[in-house]
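Take a look at the structure below.
Coordinate-derived values only; no laboratory data. These numbers were taken from a predicted model, which means no experiment stands behind them. When we count neighbours, we look across all protein chains shown, and the Cβ atoms used for this are built from the backbone with ideal geometry, even at glycine.
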Amino acid sequence: MIHFVGAGSGGADLITVRGARLLGEADCIIYAGSLVNPDVLQYKSEHCAVYDSAGMTMEDVIAVMAENEKAGKTTVRLHTGDPSLYGAIREQMDELDKLGLPYDVTPGVSSFCGAAAALQAEYTLPEVSQSVIITRMAGRTPVPEGEALRKMASHGCTMVLFLSTGLLEDVEKELLAGGTYTKDTPAAIVYKATWPDEKVFRCTVGTLAKTARENHITKTALITIGGFLGTEYERSKLYDPTFTHGYREASR
Ligand code: SAH
C-alpha cells in the first residue's frame, strides 16, 4: 500500500495522529526535502528507508513506489502541508492507477492555516470578508487567464498567495490593478509558518516588495492580504446574546 500523507506546515508535532502512525508503519518514506521539516522523520521506524524527492523526477518516485509494492512493502509519500494544494499528487495517483497500485491520502495542516495561526488572525471576519482566495502569481508555471491575479484581487476578499514571494513587485501591481485593494490595504508576509524560525512581517499592499527585500525573504513564505488584518469587523451572530438559533434562545 502507498500512503500520501500531509506532513503539516512545519512544526513536527503538527502532523496528524494518523500521519504519524503511518510513518511508524512505513518500510519506505519518500519526502519532499525542500519543504518538509526533517524532524517529522522522528516518527519513522529504524528499518525504514528514506528518500528525499527534491532530487528525483516523478518517474523516479513512481519507480521506488512500484519496487516496494512488488516486495509487499508499505510506502509513505510525505508532502508538505496538505497534499491537495500545489502538491503534484494527481499526476502520481494517475501513474499508480495505470500500474494498478493501491493508495490512499491522509490530509495535513496546510501552511495557509499555519500562517493564520502565526498571525493570530481569522480569515473570515463578519462584514469584512467571508471568502478566502488561495492562488499564486503566474511565474514559470502559468495561471489560467480567468484566474489572473488582478481578476482575483477585484473581489477584495481575503487572499493567500502561495509560491509568489520572488515576484512581489508584480504582485503589488496586479493587486492594485484589481481596483479594490489600495496601497494601504493591510497585508502580511509569513515566513516558515509553524517552524521554529517562523517570522511574521505585517505591512500593506504597497510595501510588500520592500518588506520582503529588507528582511531578505525570498521563499517559504505566504502573502496574505485583506481587511481581516485590520481592526474593524462585526461580532459573529452565533455568539451574540440577542440572536436565537437552533441550539440557543436569545438571552436579551
Ligand atoms: N501543500 C503545501 C504547499 C506546497 S507549495 C501546503 O499545503 O502548505 C509550496 C509553497 O507553499 C511555498 O512556496 C510557500 O509559498 C508555501 N509554504 C509552504 N510551507 C510554508 C510555511 N511553513 N510557511 C509559509 N509558506 C509556506
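Can you compute the charge dipole magnitude of the chain about its Cα centre, using +1 on each Lys and Arg Cβ and -1 on each Asp and Glu Cβ, nothing else charged? Give it in debye, rounded to the nearest 20.
With Lys and Arg at +1 and Asp and Glu at -1, about 540 debye.
As an exercise, identify the trypsin sites (Lys or Arg not before Pro) in the stretch 36-126 lying in DSSP coil whose Cβ has no more than 16 other Cβ atoms within 10 Å. Taking the stretch 36-126 and a limit of 16 other Cβ atoms within 10 Å, the loop trypsin sites (Lys or Arg not before Pro) found are LYS73.
Evaluated with a Cβ-only charge set (Lys, Arg +1; Asp, Glu -1), the stretch 111-229 carries a dipole of roughly 260 debye about its Cα centre, given to the nearest 20. If the segment from GLN130 to GLU169 were pulled out straight at 0.36 nm per residue, it would be longer than the present Cα-Cα gap by 11.3 nm. Sites listed here are GluC sites (Glu not before Pro) in the stretch 92-176 whose DSSP assignment is loop and whose Cβ has at most 15 other Cβ atoms within 10 Å: GLU122, GLU127. Note on the stretch 131-247: along the principal axes its Cα atoms extend 51, 38, 25 Å, ordered by decreasing extent.
Spherically averaged projected area of the convex hull of Cα atoms, the chain: 16.7 nm². For ALA66 and ARG90, the FRET efficiency from 1/(1 + (r/R0)^6), where r spans their Cβ atoms and R0 equals 22 Å, is about 0.80.
Ignoring lysines fewer than eight residues from LYS70 along the same chain, the ones with Cα atoms less than 25 angstrom from its Cα are LYS44, LYS98. Which values of log₁₀ I(q)/I(0), to two decimal places, follow from the Debye formula for the stretch 2-106 at q = 0.10, 0.13, 0.14, 0.20 Å⁻¹ with a uniform point scatterer at every Cα? Summing over Cα pairs of the stretch 2-106 leads to -0.23, -0.39, -0.46, -0.99.
Each part gets one Cα centre, and for the stretch 83-149 versus the stretch 190-217 those centres are 20 Å apart. Placing unit charges on the Cβ atoms only, positive for Lys and Arg and negative for Asp and Glu, gives the stretch 187-252 a dipole magnitude near 140 debye about its Cα centre.
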